[in-house]
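Worksheet for the structure shown next.
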Amino acid sequence: MSMNLFTIGYEGLSFDSFLKYLIKFNINIVFDVRENPFSRKRGFSKSDLYKKLNLGRIQYIHLPQLGTPKSLRCELQIKRDYVHFFERYNTFLEDRIGYLNQILDILETKNVALMCYEREASKCHRSAIALKIKERSNNGIVIRNIRTS
């Protein structure tokens, strides 16, 4: 039996719309995989997310260890080379297997969503995290990107 691993980006969403997606897909835990969990967008900074998701009975866990290092973010902003970015980020993830295993263990009993800013998962490091977790599960996971269109 396969498990679903959801990903979601809050770009272009209000907090209420974001929450509706989480409820629609029965998400129990949101893993915030941003290195810096701060946002200019109302409701999406760490303390707001923790409080508001908790009210909706959704657990919030910030995993800054899986966030994109500033050097990689800056390099991507300058070069706009996503192939190179994902090669470097995947190398970065190799030293963070314990965090990937933590998410994988929780997936056995909970519906999990990896959260970041970008709307398109293909342009976000959360997709690389999801793929690494899928590999660790021997492909027993289906990755479902919420709002990909």
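The residue of segment 30-40 that is farthest from L63 (Cα to Cα), among those that are without any contact (Cβ under 8 Å) to a residue 40 or more places away in the chain and surrounded by 16 or more Cβ atoms within 10 Å (Cβ to Cβ), is P37.
Of all the residues in segment 14-29, those that are surrounded by fewer than 19 Cβ atoms within 10 Å (Cβ to Cβ) and part of a loop (DSSP other than H, G, I, E, B) number 4.
So that you can scan it fast, the table gives a plain yes or no per residue for (1) modelled with pLDDT of 95 or more; (2) polar (S, T, N, Q):
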| site | (1), (2) |
| --- | --- |
| I78 | yes, no |
| T91 | yes, yes |
| Y99 | yes, no |
| I106 | yes, no |
| M115 | yes, no |
| S122 | no, yes |
| L131 | yes, no |
| R144 | yes, no |
| R147 | no, no |
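Taking (1) exposed (fewer than 15 other Cβ atoms within 10 Å of the Cβ); (2) under 22 Å from F15 (Cβ atoms) in turn, R80 satisfies each apart from (2). Which of the residues spanning segment 92-143 are exposed (fewer than 14 other Cβ atoms within 10 Å of the Cβ) and more than 30 Å from K41 (Cβ to Cβ)? Correct list: E94, D95, I97, G98, N101, D105, E108, T109, E135, N138, N139, G140.
F6 passes all but one of (1) in a strand (DSSP E or B); (2) touching a Ser or Thr at 6+ places or on another chain (Cβ under 7 Å); (3) among the hydrophobic types (A, V, I, L, M, F, W, C); which number fails? All conditions pass for F6, except number (2).
The values are calculated or read from the model by the stated rules, or taken from the named source; none is laboratory data. Everything numeric here is computed off the predicted structure, so don't read it as measured data. So basically every Cβ, Gly included, is an ideal-geometry build from the backbone, and we count neighbours across all protein chains shown.
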